[in-house]
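Trainee: First, the structure itself, so that you have it in front of you.
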Amino acid sequence: MPVCAHCGSVWKYKEAVKHAFRTKMICPSCYADNYHTLSGCGKAAIFPLSMILYNYLIYMSPDTSLPRMMAGTAGIGAAAFFLLPFTVELTKKQGHIW
């Protein structure tokens, strides 16, 4: 879960999900601006890469079916959405993510 870089408070899951897709995240305790770190963005990049790898491996198997591929992709997408707040790391200064 995200930890405020200013006051050190641990965010609740609901607050983390609410702000996870924004570049500037405001702490619910001290109202200070927090920004994503590069390492946190790297951890979050695992989810789309795992979806691509899953689809490639399923496509290469001899018994490929479209419903199986779609169900697996939807499952990985749902898992990525629910696990995303656990990959968020915060810093005080806004840096270049790329």
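Trainee: Considering only lysines 8 or more places apart in sequence, or on different chains, count the pairs in the chain whose C-alpha atoms sit under 20 Å apart.
Mentor: Lysine pairs meeting the criterion: 12.
Trainee: Still on this structure: Please list log₁₀ I(q)/I(0) at q = 0.21 Å⁻¹ for the chain, using the Debye equation with identical point scatterers on the alpha-carbon positions.
Mentor: Ignoring solvent entirely, the Cα scatterers give -0.96.
Trainee: How much length is gained on full extension from residue 60 to residue 1, taking 0.36 nm per residue of separation minus their Cα-Cα distance?
Mentor: Value of the extension gain: 17.6 nm.
Trainee: Sticking with this structure for a sec: Using 7 Å Cα-to-Cβ label points, what is the residue 78/residue 33 separation (nm, one decimal)?
Mentor: Going by the 7 Å Cα→Cβ label model, 3.8 nm.
Trainee: So what's the angle, to the nearest 10 degrees on a 0 to 90 scale, between helix 46-60 and the longest Cα principal axis of the chain?
Mentor: Taking the Cα atoms of the chain, the angle to 46-60 is about 0 degrees.
Any read-out appearing in this document is the output of simple, stated calculations on the displayed coordinates, not a laboratory observation. Being a predicted model, the structure only gives us computed values, none of them experimental. For neighbour counting, all protein chains shown are included, and Cβ atoms are generated from backbone atoms with ideal geometry for every residue, glycine included.
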